[in-house]
């Protein structure tokens, strides 16, 4: 299908800054004198402030169309990258990072709905998520090389390069066809599939919001390594980012949520062990769990909607991303005084998500009889 091929290309391009934003943005903010609290706020403002916009954006795909909403999201994302390249202080960098997060969430919401219109299969979501991960891996080469030769001055150049790539992707997104069905409407369509995705997804999102922005700061401070060495510590997570979603596409969504969140719990705990190798491998498991869970949750939501996929995807996304923001905000305020507790608490959240997925799996089997 032409629209899926184009969407996969856009996913690859737009995801190129992904890993770098996760790794470099906290370091960039700290480099300009920002506190760990500001890092937490920067990681949470986007999800919290724009959760309602993501909900409205999901409904907008049912009203105005999937394409226009996607283009708007990519444009906002591109603007954030430009502001990052031009940032003169930590506060502006935090705002720019939040714009990137908001734009990315809006574009991703639209993409989920487009796939739901076309197929909604876990395999399609898995491949799309895997392509995004691959784009992030390829994109991470840019700052690795630039920082090696230019030092901390390479932060801005990296963001500028990403801006150019994202601008091209935004123009390319204008070629997307409109997939909104004629019978689409804005109406709440409850399903047990949707409820399971929201409950489990909220726990996973909270754990993700705690671990993801603070992992680079944690290993940098604990092991005394440089920014480029932090990037190297992400190498194992590349396999998890690509392989986790791809594997999830071939499994029952409920089984994915059970198995991969157990891996996420194990990985989160491994981060606090006194070994950089174990921390790196642990984060790889967390990355695989987050990606695989996202695939399973997206496919569950798509399976439960008929005429209001935009609204239901937007509502699910708003709730889970709101919890991600709360996780980042909470972790930001406890990280300075208790770094290990951030990862211990995320370990328990992943474990609880897996337990609830077991209950949901049994419940869905019972209801389907």
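Annotation for the range 269-311 versus the range 138-199: alpha-carbon center distance of 17 Å.
Taking every pair of Cα atoms in the chain, average 1/r, invert it to obtain the Kirkwood radius, and report Rg/Rh to two decimals.
Result for the chain is an Rg/Rh of 0.95.
Listing 237, 166, 368 from fewest to most neighbouring C-beta atoms within 10 Å gives 368, 166, 237.
For the range 225-369, relative contact order (Cα pairs under 8 Å, six or more residues apart, normalised by length) works out to 32 percent. Taken along its three principal axes, the alpha carbon spread of the range 100-190 comes to 55, 25, 25 Å, from the longest extent down to the shortest.
Kindly put 305, 100 in sequence by how many other C-beta atoms sit within 10 Å of each C-beta, fewest to most. Please list the in-between numbers first.
Values: 305 22, 100 27.
Fewest-to-most ranking of 305, 100: 305, 100.
Shown is the FRET efficiency for residue 5 and residue 355, computed with R0 = 51 Å from the Cβ-Cβ distance and rounded to the nearest 0.05: 0.85. When shorter helices are ignored and each DSSP H run of at least 4 residues is given -39500 (n - 2.57), the per-residue value for the chain at 222 nm works out to -28000 deg cm²/dmol. Remark: 338, 317, 280 ranked as 338, 280, 317, counting other beta-carbon atoms within 10 Å and listing the fewest first. In the elastic network of the chain, a GNM with C-alpha springs shorter than 10 Å, the most mobile of 319, 164, 290 is 164.
Classify the range 67-108 as rounded, prolate or oblate from the Cα gyration tensor: take a ≥ b ≥ c as the square roots of its eigenvalues, call it rounded if a/c is under 1.5, otherwise prolate when a/b beats b/c and oblate if not. List each step's numbers first, then the result.
Numbers: a/c = 4.52, a/b = 2.41, b/c = 1.87.
Verdict is prolate for the range 67-108.
Rg ratio for the range 140-245: its Cα radius of gyration over 2.2 N^0.38 Å, N being its residue count, equals 1.54.
Which of the three applies to the range 205-267, rounded, prolate or oblate, going by the alpha-carbon gyration tensor with a ≥ b ≥ c and a/c under 1.5 meaning rounded? Could you put the intermediate results ahead of the total?
Values: a/c = 3.32, a/b = 1.98, b/c = 1.68.
Verdict is prolate for the range 205-267.
Out of all Cα-Cα pairs in the range 307-369, roughly what percent, to the nearest whole number, are more than 13 Å apart? Distances greater than 13 Å cover 74 percent of the Cα pairs. Residues considered: 213, 181, 245. Largest GNM mean-square fluctuation over the chain, using C-alpha springs under 10 Å, is found at 181.
Between 146, 113, 301, the Gaussian network model of the chain with springs among Cα atoms under 10 angstrom shows the greatest mean-square fluctuation at 146. When both the range 78-117 and the range 312-340 are represented by their alpha-carbon centers, they are found 17 Å apart.
Segment residue 91..residue 337, full-extension length gain: 86.3 nm, with 0.36 nm per residue of separation and the alpha-carbon distance subtracted. Computed packing ranks the peptides 136-142, 9-15 as 9-15, 136-142, most packed first, by mean other Cβ atoms within 10 Å. Using equal-weight Cα scatterers in the Debye expression, the normalised intensity of the range 233-321 in log10 at q = 0.22 Å⁻¹ is -0.97.
Taken together, the values in this text are just the output of simple stated rules run on the coordinates, not laboratory data. All values derive from a computational prediction rather than experimental measurement. Glycine gets a Cβ as well: all are built from the backbone with ideal geometry, and neighbour counts include every protein chain shown.
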